[in-house]
Amino acid sequence: MAAVNPHTIVVLITGNPVTMPWIDRAAAVMEAWYPGIAGGQAIANLLFGNVVPSGKLPITFAKSEDDLPHERIFGMTHDGAGGDSLGWAADEQKRQSFVADYNEGARFGYKWFDSEGKQPLFPFGYGLSYTQFKYGGLHVDPAAKTVTFTVENSGTLNGTEIAQVYVGLPKASGEHFRRLAAWQRVEVNSGQQKVVTVPLEPLAIATFDEKKDAWAWASGKYTVFVGGSSRDLPLRAEVALY
């Protein structure tokens with residue numbers, strides 16, 4: 001289709017991320033997930049501009065299966081029956097007793113891509129709009145554990161942004177990824193801005209101490225990031241939260 005018409009828009013009806021080796025030949029891609037009985041009307045309203053999109057990805061889309069911590073789904077094989085590219089293992093007993101080794105630990109999802117320095121096709125929290133948003137005025141209150149910033153709609157249409165706050169733990173933690181610690185849906189009219197204050201989720205920036213059987217918070221400087229996705233974070237501040 002794209003070879004015939006360079007203006008082809010691909011609409012994905014999927015429940016999970018997919019690889020897109022064809023994406024350079026498509027004019028645009030919309031992820032509609034499983035939209036239900038009214039999905040056709042919803043997709044049309046977005047494509048034709050009757051509604052300004054505001055959705056953000058709840059999961060990372062990888063460029064290739066090779067970038068994933070696990071290239072195969074546990075319990076499945078690439079030797080699918082009937083010529084399928086994937087299929088369940090033939091041995092029923094083996095399939096029910098397979099070992100799911102999550103050796104990436106806490107680095108699942110977008111944290112894996114950050115810690116490994118891998119560039120995703122579409123990062124966690126990503127989503128386009130028919131308008132533009134600018135961030136500014138970052139302030140972190142270490143006592144209240146809140147983050148304040150402004151979101152400005154610099155485009156020509158009214159829109160909604162999903163502002164996201166990520167936190168990097170102190171260097172002593174040894175982590176090399178950020179953690180999603182807060183987010184806020186913000187409706188902003190064209191040419192206006194809003195001040196947003198969100199509380200940080202305590203457990204999102206904690207680690208579990210197995211010896212003490214309790215959650216713990218590291219002392220030192222935390223790095224707070226704010227922006228429109230896990231890879232689009234224009235605001236940054238360092239502060240001692242604990």
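Which cross-chain or sequence-distant (5 or more) residues have an amide H under 5 Å from the amide H of LYS63, H modelled 1.01 Å from N in plane?
For LYS63, whose amide H was placed from the backbone, the distant partners under 5 Å are LEU121.
Full-extension gain between TRP183 and ILE37, please, as 0.36 nm times their residue separation minus the C-alpha to C-alpha distance.
Stretched fully, the TRP183-ILE37 segment lengthens by 49.6 nm.
Rank PRO142, PRO199, PRO123 by mean-square fluctuation in a GNM of the chain with C-alpha springs under 10 angstrom and give only the top-ranked residue.
Fluctuation is largest for PRO142.
What net charge do the residues around GLU175 carry, taking every other residue with its C-beta under 14 Å from that of GLU175, with Lys and Arg at +1 and Asp and Glu at -1?
Local net charge: +3.
Indicate the gyration tensor shape class of the stretch 174-222 (rounded, prolate or oblate), computed on the Cα atoms with a ≥ b ≥ c the square roots of the eigenvalues: a/c under 1.5 is rounded; otherwise a/b larger than b/c is prolate and the rest oblate.
Prolate, since a/c reaches 1.5 and a/b exceeds b/c.
Using Cα-Cα distances under 8 Å and only pairs 6 or more residues apart, what relative contact order does the stretch 119-200 have, in percent?
Relative contact order, the stretch 119-200: 32 percent.
Show me, for the stretch 168-174, the HN-Hα J-couplings you get by feeding each phi into the Karplus relation (A = 6.51, B = -1.76, C = 1.60, θ = phi - 60°), rounded to Hz, glycine and proline as x.
With coefficients 6.51, -1.76 and 1.60, one gets x, 5, x, 4, 4, 5, x Hz.
What spacing in nm lies between the two simple spin-label points modelled at ARG25 and ALA206, each 7 Å away from Cα in the Cβ direction?
So the label points at ARG25 and ALA206 sit 5.1 nm apart.
Subtracting the Cα-Cα distance from 0.36 nm times the residue separation, let me have the gained length for ALA237 to ASP141 in nm, one decimal.
That works out to 33.5 nm of additional length.
Evaluate the charge dipole of the chain about its Cα centre and quote only its size in Debye, nearest 20, assuming +1 on the Cβ of each Lys and Arg and -1 on the Cβ of each Asp and Glu.
In total the dipole reaches around 680 debye.
Here are some values of Rg/Rh (Cα atoms, Kirkwood Rh): (i) 1.02; (ii) 0.94; (iii) 0.99. Which one was computed from this structure?
Only one option fits the structure, namely (i).
What nm distance separates the two modelled labels at ASN158 and HIS7, each placed 7 Å from Cα along Cα→Cβ?
Here the answer is 2.9 nm between the modelled labels.
For the chain, what number of Lys pairs, 8 or more residues apart or on separate chains, have alpha-carbon atoms under 18 Å from each other?
Eligible lysine pairs with Cα atoms under 18 Å apart amount to 8.
Determine, from the Cβ-Cβ distance of ALA172 and ASP101 and an R0 of 22 Å, the FRET efficiency 1/(1 + (r/R0)^6), rounded to the nearest 0.05.
Working from the Cβ atoms, E equals 0.20.
Using +1 at the Cβ of each Lys and Arg and -1 at the Cβ of each Asp and Glu in the chain, identify which of ILE13, LEU241, THR207 lies farthest towards the dipole's positive end.
My answer, from the dipole projection, is LEU241.
Can you compute 3J(HN,Hα) from phi for each residue in the stretch 136-148, using the Karplus curve 6.51 cos²θ - 1.76 cosθ + 1.60 with θ = phi - 60°, rounded to whole Hz and x for Gly and Pro?
Karplus values, whole Hz, x for Gly and Pro: x, x, 5, 9, 10, 9, x, 6, 7, 6, 10, 10, 10.
So which GluC sites (Glu not before Pro) in the stretch 162-229 are both in a DSSP loop and have at most 14 other Cβ atoms within 10 Å of their Cβ?
Listed in order of number, the matching sites are GLU210.
Only the coordinates and a few stated rules stand behind these numbers; no lab work does. Note that the structure is predicted; figures quoted are calculated from it, not measured. No Cβ is skipped: glycine too gets one built from the backbone with ideal geometry, and neighbour counts run over all protein chains shown.
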